[in-house]
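Everything on this sheet refers to the single structure shown next.
The values are calculated or read from the model by the stated rules, or taken from the named source; none is laboratory data. Since the structure is predicted, the reported quantities are computational estimates derived from the model, not experimental observations. No Cβ is skipped: glycine too gets one built from the backbone with ideal geometry, and neighbour counts run over all protein chains shown. Ligands, DNA and RNA are stripped out before the accessible areas are found, and what is left, the full protein with its side chains, is counted by its heavy atoms. Shrake-Rupley method; radii C 1.70, N 1.55, O 1.52, S 1.80 Å.
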Amino acid sequence: QVQLVESGGGLVQPEGSLRLSCAASGSIFRIDDMAWYRQAPGKQRDLVASITRGGTTTYTDSVKGRFTISRDNGKYTVYLQMNSLKPEDTAVYYCNADIIRFGVGLAYRYWGQGTQVTVSS
């Protein structure tokens, strides 16, 4: 069994910063790609940033230069540092990870439960 637990969301003023964390636990052999998505009210869930096991990153255009994704492979954790936050960044943020469990030959995508980020004055 594998679980992803996010933390770090909250209320922040425009131009403020937050750091999200997402820790995986359970019977994990290896974690490949990890990513952050977000979903605003009434909208679809969209990719924000992703990172490979080797550290290659991608970002959606609206967060380039403001957000930084990173990971600690030894801790099975992915982070999202969010700076210069804007009201339009308000959403529920979800992490996911492609995880290979011990005794299972294929990677499956697991999701966290989501954490609310609200940017407002």
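Observations, loosely collected:
- Student exercise, the chain dipole from Lys, Arg, Asp, Glu Cβ charges, in Debye to nearest 20: 180 debye
- Relative to the Cα centre, the charge distribution of the stretch 20-69, modelled as +1 at Lys and Arg Cβ and -1 at Asp and Glu Cβ, gives a dipole magnitude of about 100 debye.
- Heavy-atom accessible surface of the chain, averaged per residue, reaches 53 Å², computed with a 1.4 Å probe.
- 10 Å-binned pair-distance histogram of the stretch 1-71 (Cα, whole percent): 16, 46, 31, 7
- Surface share of carbon and sulfur [accessible, 1.4 angstrom probe, percent] for the stretch 37-78: 46 percent
- The stretch 13-24 - phi-based ³J(HN,Hα) in whole Hz, Karplus 6.51/-1.76/1.60, Gly and Pro as x: 7, x, 6, x, 10, 9, 10, 9, 10, 9, 10, 9
- Mean separation of Cα contacts under 8 Å (6+ apart) over length of the chain, as relative contact order %: 36 percent
- Calculated from backbone phi, Karplus (6.51, -1.76, 1.60) coupling profile of the stretch 43-58 in Hz, x at Gly/Pro: 10, 7, 7, 10, 5, 9, 7, 9, 8, 7, 4, x, x, 6, 10, 9
- Take 75-81, 49-55 and order them by the average number of nearby Cβ atoms within 10 Å per residue, most first; the result is 75-81, 49-55.
- Computed from backbone phi with θ = phi - 60° and the Karplus coefficients 6.51, -1.76 and 1.60, the 3J(HN,Hα) list for the stretch 67-83 is 10, 9, 9, 8, 8, 10, 5, x, 9, 6, 10, 10, 10, 9, 8, 10, 10 Hz; x is used for glycine and proline.
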